[in-house]
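For reference, the structure is listed below as structure tokens.
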Amino acid sequence: MNLPNKLTLFRVILIPFFVAILLIRPHDMTWRLAADFIFIIASLTDMLDGKIARKYNLVTNFGKFMDPLADKLLVSAAMICLVELKQMPSWVVIIIISREFIISGFRLIAATDGIVIAASYWGKFKTAFTMVMLIVMIANFPHPFFHLAGDILMWISLALTVVSLVDYMAKNKNVLKDADEI
């Protein structure tokens, strides 16, 4: 198993530790910061594994499948924990996670025809804002500024989620047209 795939597996292994540390003592700032640290490390492995895989031509089918799955698991776990902690409304999480399923399905349909749907700038902006939002909300600093920042980032992430979904669908409507024939 190559290094990028090990980093992807490491990210998946970190998820239950992150969830446990966040939810066991959610009102203890030390535990919140420990959970945030694990989330940041896991997020950084996502950037690192992709860069290493592309730079050293270590792209594998395992990595193509597991890397995006690991990302979705990490982000979904964090948002579901924030719903449990009453920091995020469930409907926001449902919209964001639904977008991920829709885009994954879209890419799967396209892949059957040999079409690769690359990440768009809107999708990259959405991911960046979502990760920063989660880092801020997981830390849950007691100052009102941080709560406001988390809320603003959540609304921006939600808007970018919808915009990026519409952008993917508009740019790749031929995939949907071809799906009618399946």
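Quick notes on this one:
- Condition check for ILE24 on (1) open to solvent by less than 50 Å² (accessible area, probe 1.4 Å); (2) of a type in the set (A, V, I, L, M); (3) farther than 25 Å from THR161 by Cβ; (4) at pLDDT 95 or above: one failure, at (1).
- Scanning the range 113-137 for residues that are in a helix (DSSP H, G or I) and loosely packed, with under 12 Cβ neighbours inside 10 Å yields a single hit, TYR121.
- Pairing residues of the range 14-33 that are closer than 15 Å to LEU73 by Cα with residues that are open to solvent by 70 Å² or more (accessible area, probe 1.4 Å) and β-branched (Val, Ile, Thr), at Cβ distances under 9 Å and at least 6 apart in sequence or on separate chains, gives VAL19/ILE80.
- ASN140 vs. criteria on the phi > 0 side of the Ramachandran plot, open to solvent by less than 60 Å² (accessible area, probe 1.4 Å) and out of contact with any His (no Cβ under 7 Å at 6 or more places or on another chain): yes
- Condition check for ILE96: at pLDDT 90 or above, surrounded by 20 or more Cβ atoms within 10 Å (Cβ to Cβ) and out of contact with any Lys or Arg (no Cβ under 6 Å at 6 or more places or on another chain): yes
- The range 65-91, subset without any contact (Cβ under 8 Å) to a residue 60 or more places away in the chain and not in a helix (DSSP H, G or I), residue least open to solvent (accessible area, probe 1.4 Å): PRO89
Rundown of residues vs (1) among the small types (Gly, Ala, Ser); (2) part of a helix (DSSP H, G or I); (3) open to solvent by less than 90 Å² (accessible area, probe 1.4 Å), yes/no style:
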| position | (1), (2), (3) |
| --- | --- |
| MET1 | no, no, no |
| LEU9 | no, yes, yes |
| LEU33 | no, yes, yes |
| PHE39 | no, yes, yes |
| ALA42 | yes, yes, yes |
| GLY50 | yes, yes, yes |
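The values are calculated or read from the model by the stated rules, or taken from the named source; none is laboratory data. Remember, predicted model here, so these are calculated numbers, not experimental data. Neighbour counts run over all protein chains shown; Cβ positions are idealised from the backbone, glycine included. In case anyone asks, the SASA skips ligands and DNA or RNA and just uses the protein heavy atoms, side chains included. Shrake-Rupley method; radii C 1.70, N 1.55, O 1.52, S 1.80 Å.
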